[in-house]
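The structure appears right after this line, and notes come after that.
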Amino acid sequence: QVQLVESGGGLVQPGGSLRLSCAASGFSFNIYAMRWYRQAPGKERELVAHISNTGGATNYADSVKGRFTISRDNAKNTVYLQMNSLKPEDTAVYYCYTFYNKYWGQGTQVTVSS
């Protein structure tokens, strides 16, 4: 069955960095685009970053441009989100998403606080 397992979340101080990983299984990872979304308390889930199946095209929300980088390793069936210069407003649960059956991961909490 399809699985998306996120990891790498945690508590970090403002200005710090985290790298999220999403390990995929149960589908042909290399033929599907992937996305990271996030949902803060009391807010709707929002798209953070998108990457094409080859990794050759990426898109970002305006709020994270220049600070976050999405990448993927098709040999490892894994998509990453490198997050730098983190701000308190980046605090949210971060979810991995595949267009295969519109499947979501379980999410990983990121908290940016001093």
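Every number here is computed from the coordinates shown, using simple stated rules; none is lab data. Treat the numbers as computed from the prediction; the structure is a model and nothing was measured. We place every Cβ from the backbone using ideal geometry, glycine too, and count neighbours over all the protein chains shown.
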Full-extension gain between Q39 and Q106, please, as 0.36 nm times their residue separation minus the C-alpha to C-alpha distance. 22.9 nm
As I understand it, the dipole of region 43-111 uses +1 on the Cβ of Lys and Arg and -1 on the Cβ of Asp and Glu, about the Cα centre. Which of T111, M83, T54 lies farthest toward its positive end? T54
In debye, nearest 20, what is the charge dipole magnitude of region 1-60 about its Cα centre with +1 on Lys and Arg Cβ and -1 on Asp and Glu Cβ, if you could check? 60 debye
Between Q82 and L47, what is 0.36 nm times their sequence separation minus the Cα-Cα distance? Round to one decimal in nm. 11.1 nm
Once you have the Cα-Cα distance between A23 and Q1, take 0.36 nm times their residue separation minus that, and quote the gain in nm to one decimal. 6.6 nm
Can you give the three extents of the C-alpha atoms in the chain along their principal axes, from longest to shortest, in whole Å? 40, 26, 23
Cut-off 10 angstrom, C-alpha nodes, Gaussian network model of the chain. Which of D62, D73, D90 fluctuates the most? D62
With Cβ to Cβ distances under 11 Å as the rule, what net charge do the other residues near D90 carry (K, R +1; D, E -1)? +2
Counting lysine pairs in region 8-114 that sit 8 or more positions apart or on different chains, with Cα atoms under 24 Å apart, gives 5
